[in-house]
Every structure is written in C-alpha cells, then in structure tokens.
Amino acid sequence: MSHVFKSPASYVQGRGVADAIGTHVDSLGSECVLLADKVVLDLVGDRVLDSLEAAGLGARSLEFNGEASESEIERIAAAVDEHGADVVIGAGGGKALDTAKAVRKETGGAMVSMPTVASTDAPTSALSVIYSEAGEFQSYWFYERHPDLVLVDTAIIADAPARFFRSGIADGLATWFEADATRRSAGENVVGGTPTRAGHRLAELCYETLREHAITAVDGVEQGAVTESVSAVTEANTLLSGLGFESGGLAAAHSIHNGLTQLDATHHATHGEKVNVGTLTQLVLEGRDDAFIEDYAEFSLALSLPVTLSDIGLDDPTTAQLETVANAACDPEETIHNEPFEVTSPMVRDALKTADRVGQRVRARHA
Ligand SMILES: NC(=O)c1ccc[n+]([C@@H]2O[C@H](COP(=O)([O-])OP(=O)(O)OC[C@H]3O[C@@H](n4cnc5c(N)ncnc54)[C@H](O)[C@@H]3O)[C@@H](O)[C@H]2O)c1
Ligand SMILES: [Zn+2]
C-alpha cells in the first residue's frame, strides 16, 4: 500500500475573515448557496451573503434541518441544482459541513467549509458522517475531493458557547492516540493509504498544541476573547486534527464513539464529549500504564471534559448496553482494527467499564 496524504486546497483563519469570504471564494465559481441551520443563518447569514455579493457573486441561503441524513442531503442537493449554484458553502458545526460535502458530491462544483464552532475536525476532511433521521450513526461517505476552501473566523469561534470549543479539543486530543495506533499497526489511514510522516507528525503537533494551550484557550473563549492561545487551539481543533486524523488514521476512540451513538441516552453529549470517553477507553484497551491514563483523565477534568459514562448520559449502564456499544465498535468496517493488536467485543466492553472506574476515581480526588 502507498503512503497517502490529502488535504483541502486552502485554509484561511483569522479575526473577522467572515467579512472577506467573497474575496476568497470568487475564483471558485459564480453562484453560491450558503447552507446553515437557523441559528447560524441568524448569526452570520447577512455578513456572508453581503461579502459574496460585494465580490460580484450570486448568493442565496438554504436552511439546514440539523441532521446529516440521506433524506436531508437529497432535499438540499435538489434545491442547489434548482438554483444552478456552482459553489456550496456549509456554515455551522460538523453536521452542516458534512451535509454540504455530501451535497457537493451530488451537484458538482466547489465546496467551502465555514465552521462557526471549533467543535470537531469535520471542516477539513473529504468525508461525511451519515446518521439516521433519529441520530444514530449509519456510515462514513468518502469523497474524491476535499473542500476547496476552509475559512475560520476566530471572533465567531470565540463568541460561541465554550462547550463546543472544549468538544473540539477532545476530538483533537483523540487524533494523536489514533494516528499513533495506526502507525504502530502499519494500518490504513482515512485517505486510502498508509500514513506519511507528515500525517503522523501533524497529529502529534495537534496534541502538543492542545497540551500547551488548551486550558488558557478555554479561559479566553469563556470570555469571548480571541487570544494567541485561542488561535492556536482553533487551528489544532480544525486544521491539525483534520489533517492528522485523515492522513494519520483513526483507531479505537472513534469506533467507541460510534458504538456509543447506538444508545439514545448519549445523544445529548457532543461528538467530542463521546470521543473523550472513547480516548480514555482506548488507553485502557492499549494497556497504558497507570500514570499515563490518570494524566489523561486529569487533563480532561481540567478542561471539564467527560471522564465517565455517566458524564455522557449513561447512568448505571447495563452489561447488555455496554455490549451493544462494544459490538458496534468492533464492526469489521470499524477503525478500531487499526489498533496494533486484535480487538474483540469483550475487550472493549471491559475497557469501557474500567475507563469509567478510572474516571470516577480520578474525579473523587477533586471532590
Ligand atoms: N466528517 C468528519 O470528518 C467529521 C469529523 C468529526 C465529527 N464529525 C461529525 O460532526 C458532527 C458533530 O458536529 P458538532 O459537534 O459541531 O455538532 P452539530 O453540527 O450537531 O451541532 C452544532 C450546533 O451548534 C450550533 N452552532 C453553530 N455555530 C454556532 C455559534 N457560533 N454559536 C452558537 N451556536 C452555534 C448549531 O446551530 C448546531 O446546533 C457529528 O455528526 C460528527 O459525526 C464529522
Ligand atoms: Zn471526531
């Protein structure tokens, strides 16, 4: 298998860049559709449309219903075709961006990601995570093409609720452990090859950046402030984590996340919050030493990230529920098989139980 690295064509990040989106998009097409849910349209719709029009581009918006489901993708793709648009701009969280990517696959043309929360590493990837209308994980859809442009306004990111930012940090922390597992197993990354040195090291840089800046960055976002740390962590959550997971590879943490989505009780927890429980479980599964696992749990607590099953809505889960999660996590298509040893469902069930106990014990120290 060849070493493969892929990425979006360009990435622009800065305070106030939403007002200049037209100048970055004008080489990509002429008729733009902005896809975003009601909250995000109210927040940035006028600014984005004004900037596109000022650059001489046609611009209109379409309201996203909130779920990256097949039926929603079909509905939006039909509307984009009807408008004759050749640029789809997705704005919002991971689900809006994943829907915009899927729509572009149907309609052709250019695709722009404009995350308005730094909550996941979805903005840069060439894949969508598809859910049922009821919100259960269904599958990954992979695309030949990446977004043509990823544009991140740090003032918008810093103004959004800090919970999203923390969730993006969790998603970014997982990236390193998963990329490293993939490297150790000589496994396959998400772009159809084995990891390049670049993919692996970008995942590591993501982790280093988060360990060095995340706590102060969260302080900033809690104040709606854009600081150097907020900027560094926005880049880590978005660009470094995105390139790191796709070209570095995914492993157990995201499979466990996908397993957790099978249980309704976890649906109120964000992607990153569930991923954090997945990371702690991955570390237990890998047999990391006590100090290493506890260090991760302590760092999570310092960021108010979940460390127990109850933190993500699973109070007193039954063994049958944990087996549902573990079975789904061990599906033959899952990335958990990038761990450098054979992983079975009972191993994941037991690692989930143990990680939960570690989280409870470490939290009790702070009570
Ligand atoms: N494709 C990928 O590579 C990839 C990677 C990671 C995660 N994901 C997917 O991303 C999804 C999770 O994304 P998410 O955690 O961003 O949640 P989300 O997309 O479900 O929701 C984001 C929410 O934030 C709100 N919002 C957006 N910007 C805001 C702002 N500035 N201020 C206030 N509210 C704002 C939106 O209205 C929405 O309710 C999952 O479906 C996950 O599977 C995909
Ligand atoms: Zn993720």
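The values are calculated or read from the model by the stated rules, or taken from the named source; none is laboratory data. Everything numeric here is computed off the predicted structure, so don't read it as measured data. A quick note on method: Cβ atoms are made from the backbone with ideal geometry, for glycine too, and the neighbour counts reach across all protein chains shown. Quick note on the areas: whole protein, heavy atoms, side chains included, nothing else; ligands and nucleic acids left out. Shrake-Rupley method; radii C 1.70, N 1.55, O 1.52, S 1.80 Å.
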Shape descriptor, segment 150-290: equivalent ellipsoid semi-axes (Cα gyration tensor, sqrt 5λ, whole Å, largest first) stand at 25, 18, 13
If one compares the long axis through the Cα atoms of helix 345-365 with the longest principal axis of the Cα atoms of the chain, the angle in degrees, nearest 10, works out at 90 degrees
If amide H atoms are modeled at 1.01 Å from N in the peptide plane, then the residues at a separation of 5 or more from residue 68, or on another chain, having amide H under 5 Å from its own are 131
Between the Cα axis of helix 319-329 and the main Cα principal axis of the chain, the angle (0 to 90°, nearest 10) is 50 degrees
Using the Kirkwood radius over Cα pairs of segment 11-159, the Stokes-Einstein translational diffusion coefficient at 4 °C and 1.567 mPa s, in µm²/s and rounded to a whole number, is 88 µm²/s
Interchain or sequence-distant (5+) residues whose placed amide H lies within less than 5 Å of the amide H of residue 117 are 92
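What does DSSP give for segment 11-159 in terms of the percent of beta bridges that are antiparallel, rounded to the nearest 5?
Given both bridge residues lie in segment 11-159, the antiparallel proportion sits at roughly 20 percent.
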Candidate cut points under GluC sites (Glu not before Pro) in segment 258-367, DSSP loop plus at most 13 other Cβ atoms within 10 Å of their own Cβ, are 333, 342
Ranked output for segments 202-212, 235-245, 174-184, 308-318 by mean other Cβ atoms within 10 Å, highest leading, reads 235-245, 174-184, 202-212, 308-318
Given unit charges at Cβ for Lys, Arg (+) and Asp, Glu (-), the dipole magnitude of segment 11-159 about its Cα centre in debye, nearest 20, is 320 debye
Excluding residues fewer than 8 positions from residue 95 in its own chain, the lysines with Cα under 20 Å of it are 38, 105, 274
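At a 1.4 Å probe radius, carbon and sulfur cover how many percent of the accessible area of segment 56-144?
In segment 56-144, the share of accessible area belonging to carbon and sulfur is 44 percent.
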To the nearest 10 degrees, the tilt of helix 94-107 (Cα long axis) against the first principal axis of the alpha carbons of the chain is 50 degrees
For segment 332-341, in residue order, the Karplus 3J(HN,Hα) values (coefficients 6.51, -1.76, 1.60; θ = phi - 60°; whole Hz; Gly and Pro = x) are x, 7, 6, 6, 4, 6, 7, 5, x, 7
Plugging the Cβ-Cβ distance of residue 75 and residue 185 into 1/(1 + (r/R0)^6) at R0 = 25 Å yields, to the nearest 0.05, a FRET efficiency of 0.05
FRET efficiency (residue 155, residue 354; Cβ distance; R0 56 Å; to 0.05) is 0.85
For residue 316 and residue 289, extending 7 Å from Cα along the Cα-Cβ vector and measuring point to point gives, in nm, a value of 3.8 nm
Along segment 50-55, Karplus-curve 3J(HN,Hα) (6.51, -1.76, 1.60; θ = phi - 60°) to the nearest Hz, with x for Gly and Pro, reads 4, 5, 5, 5, 5, 8
In terms of the charge dipole of segment 287-367, which places +1 on Lys and Arg and -1 on Asp and Glu at the beta carbon, the residue among 332, 360, 318 farthest towards the positive end is 360
Rounded to a whole %, the carbon-and-sulfur portion of the accessible area of segment 162-365 at a 1.4 Å probe is 48 percent
Percent antiparallel among DSSP beta bridges confined to the chain, rounded to 5, stands at 20 percent
The chain accessible area per residue, 1.4 Å probe, protein heavy atoms, integer Å², reads 38 Å²
Stretched fully, the stretch from residue 361 through residue 82 gains (0.36 nm per residue minus C-alpha distance, one decimal, in nm) 94.8 nm
Zone reached by a paramagnetic label modelled 7 Å from residue 12 Cα along Cα→Cβ, restricted to segment 147-178 with backbone N below 14 Å, covers 148-154
Treating only Lys and Arg (+1) and Asp and Glu (-1) as charged, each at its beta carbon, one finds that segment 235-367 has a dipole about its Cα centre, in Debye to the nearest 20, of 320 debye
Within the set 275, 112, 48, GNM on the chain using Cα springs under 10 Å gives the largest fluctuation to 48
Scoring only Lys, Arg, Asp and Glu (+1, +1, -1, -1) among other residues with Cβ under 15 Å from the Cβ of residue 80 yields -3
Ranking 39, 143, 176 by how far each Cα lies towards the positive end of the charge dipole of the chain (+1 on Lys and Arg Cβ, -1 on Asp and Glu Cβ), the top one is 176
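Nearest 0.05, what FRET efficiency do residue 50 and residue 225 give at R0 = 25 Å with Cβ-Cβ as r?
The computed FRET efficiency comes out at 0.45.
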